[in-house]
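Inspection log for the structure reproduced underneath, given as structure tokens.
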2 protein chains.
Amino acid sequence: MANIKDIAEKAGVSVTTVSRVINNHPYVSEDKRNRVLKAMEALEYTRNIHAVHLSKGCSNMIGIVLPTVNLPYFAELIAGIADAAAESGIHLSLFQTNYDVQKEIFALSQLKQRQVDGLIFCSKAIADEKLMEWEGPILLCQNSDISRFPTISIPHQEAFRYGLDYLIAKGHKKIAICLARKKGMNSHFRIKAYKEALEEIGEVFREGWVMEKAITINDGKALFHKWKKWEEKPTAIFVANDQVSAGLLLEARAHKVKVPKELAILSVDNHEISQALGITTIDIQTKEMGKQAFAMLKKRIQGQSNERKVLDYRLIERSTV
Amino acid sequence: MANIKDIAEKAGVSVTTVSRVINNHPYVSEDKRNRVLKAMEALEYTRNIHAVHLSKGCSNMIGIVLPTVNLPYFAELIAGIADAAAESGIHLSLFQTNYDVQKEIFALSQLKQRQVDGLIFCSKAIADEKLMEWEGPILLCQNSDISRFPTISIPHQEAFRYGLDYLIAKGHKKIAICLARKKGMNSHFRIKAYKEALEEIGEVFREGWVMEKAITINDGKALFHKWKKWEEKPTAIFVANDQVSAGLLLEARAHKVKVPKELAILSVDNHEISQALGITTIDIQTKEMGKQAFAMLKKRIQGQSNERKVLDYRLIERSTV
DNA sequence: CTGAAAGCGCTTACAG
DNA sequence: CTGAAAGCGCTTACAG
């Protein structure tokens, strides 16, 4: 494999000049530029990117940390990040963690070793205090108490409250909620909103009506059967993700339970499946979040100070409430 | 940032020894090992991975080339690759191409520059002949005439034929098919199987009954309306992907068309949504394919010769045929 | 078990 | 516009 020195020799110039040509620097005479170009062609030169990285001290790559890509929410987030990254010519490295703290720490160690220039945490299991021990450009796709990191997020408390008020306005008082997992900032804020809303309408808070570990269509089906068995039934369930809502709705239909008459379903995401099934949901612009997350991390890598962005949401009325 | 030289000085040993300690080589005395370890701790040493890559000539990372991550088929494939890669401690780089040949070429150029040690093409737009101009470890998740590359694939012709025979056995003769895109090896073989099956039962081949550009749930909905408008209607549609089948089925139900009585639907994938909707489909082990693809590429990178694997498939009878 | 030294291949401040 | 030289930080064959 020819290297920059071979090219220099062949073209009769210095390696500096070759480097200038490769990087499109000005101040190279046409004559030398052409000779270099010709030599590169003749020797089938390909730049060794590792040497560039070592020399420049950066990798032109950022890491995406997420539990699994195999879930529409995260897939959409990645797609948004990928689009923006491609425009900037930045590479993407994937860290699938399955909410395993050790794997998140692995990703952080990769940042430290410069494998990547920055990290986007799409969702995390690691505690804020632990995360704070790490340095480098890290962006969180969720609200956080750590002001050291830029964040982009949905105002989950507000949005959830908005959804709850919508259900209440539609006459519901017995409302259950279903989250992906109780841990995590997003759920924290959602539960808070839930409690507040219940208090205002004089309903008691039932621990059992806060369900979790629901992510897939099958989880939604299971949710239906849980609901079916309850003595006292909520008239509405506010579900934090479209996949689960879809499973819930499909299973309800299969068992001739009328939606929304016997059971109302309000969802979050507005991904394709909710549209296909006519599920009333709250659009949270997942892809847009990915795009902006990338832009913010990029700025952070370039040394700008932390931003905190909050995205908008909106209710999409369809037929399940 | 402390480097290996700083550690060597502080510990009073050579850089060679430090390197040995870092890489867990044998033949280092306990005493020196401890001194090095202590020095590393004291100076908060982090290895610069770029130097390692430059020195070793590899990146410990492979690239995944696919049109979009935001589609269950590809997301599942990635998940499989990611699981296997994590076990081997290999990083994953994502190249989202949107079937843009230029972006595929970009990925290939990254392989050449050693940004990645190998490439998995989950699906491609670039022509075989063009691809052949590139060197390095490249694995294709599809059948190919190029014997220079290892491949892993489903026997699409056979599997499609199997599905068609199943439809025929169920009494269908007017069968349409719907593919993701007509270009590409997979479709090539499927259309071939389709023509053969039609010929055997004495049906004519209708160009218009081979539909394409169908990937999403919405595409499936559109497909229904196409079907609805046809004068002469097929009694069954064989759809190459679960998302499209789901859209087709949902829209059929919404318009009170009885499935399978008025319209039978046979699908391919066996992803969660087909299970949720009770769609009869052909399981093609997407995730397993990802796992094995990684293992094969890894072997190829290590210098072993090309393998060609063919995965099994099986029909999952549910309620749409 | 240990180390001096060559090698991986590029970038860039500096001097001209 | 141009080049010599230092620097990025590691690995590894070789000699001992």
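The values are calculated or read from the model by the stated rules, or taken from the named source; none is laboratory data. This one's a predicted model, so the numbers in the text were calculated from it and none came from an experiment. Please note: Cβ atoms are built from the backbone with ideal geometry, for glycine as well, and neighbour counts cover all protein chains shown. Ligands, DNA and RNA are excluded from the accessible area calculation, which covers all protein heavy atoms including side chains. Shrake-Rupley method; radii C 1.70, N 1.55, O 1.52, S 1.80 Å.
The set of residues in segment A:80-94 that are open to solvent by 10 Å² or more (accessible area, probe 1.4 Å) and not in a helix (DSSP H, G or I) comprises A:G89, A:I90, A:H91, A:L94. Would you say B:S29 is open to solvent by 10 Å² or more (accessible area, probe 1.4 Å), farther than 30 Å from B:C122 by Cα and at pLDDT 95 or above? Taking the combined requirement at face value, the residue does not satisfy it. With respect to B:N34, determine if the residue is farther than 30 Å from B:I126 by Cβ and near DNA strand D (Cβ under 10 Å from one of its atoms). For B:N34, the condition - farther than 30 Å from B:I126 by Cβ and near DNA strand D (Cβ under 10 Å from one of its atoms) - is not met. Against the conditions (1) surrounded by fewer than 20 Cβ atoms within 10 Å (Cβ to Cβ); (2) not assigned by TED's automatic domain parsing to the domain that holds B:R114, B:A11 satisfies every one except (1). Of the residues A:S123, A:S153, A:S147, the single one that is more than 14 Å from chain B (Cβ to nearest Cβ) and open to solvent by less than 10 Å² (accessible area, probe 1.4 Å) is A:S153. Every listed requirement among (1) crowded, with 20+ Cβ neighbours inside 10 Å; (2) at negative phi is met by A:R114 save one, (2). The single condition among (1) more than 16 Å from DNA strand C (Cβ to nearest atom); (2) open to solvent by less than 60 Å² (accessible area, probe 1.4 Å); (3) within 9 Å of another protein chain (Cβ to nearest Cβ) that A:K103 does not satisfy is (2).
Considering A:I64, A:I22, the condition of being outside the structural domain of A:K103 (by TED's automatic domain parsing) and within 42 Å of the chain's Cα centre (by Cα) is satisfied by A:I22 alone. Can you find a residue that is part of a helix (DSSP H, G or I) and over 18 Å from the mean Cα position of the chain (by Cα) anywhere in segment B:117-132? Yes: one or more hits. Figure legend. Inter-residue proximity from segment B:33-59: first residues closer than 13 Å to A:Q115 by Cβ, second residues β-branched (V, I, T) and in a loop (DSSP other than H, G, I, E, B), beta-carbon distance below 9 Å, spacing 6+ or different chains. Indicated pairs: B:S59/B:V116.
For segment A:166-176, the count of residues that are within 14 Å of chain B (Cβ to nearest Cβ) and either farther than 30 Å from A:A127 by Cα or of a type in the set (D, E) (or both) is zero.
Restricted to strands (runs of 3 or more DSSP E) entirely inside segment A:223-321, those with at least 3 residues that are open to solvent by 70 Å² or more (accessible area, probe 1.4 Å) and within 30 Å of A:L139 (Cα to Cα) are A:308-310. If you go through segment B:170-204 and pick out every residue that is loosely packed, with under 14 Cβ neighbours inside 10 Å and among the hydrophobic types (A, V, I, L, M, F, W, C), you end up with 2.
Applying the criterion of being open to solvent by 40 Å² or more (accessible area, probe 1.4 Å) and more than 21 Å from B:H188 (Cα to Cα) to the residues of segment B:205-222, the residue that is farthest from the other protein chains (Cβ to nearest Cβ) is B:A222.
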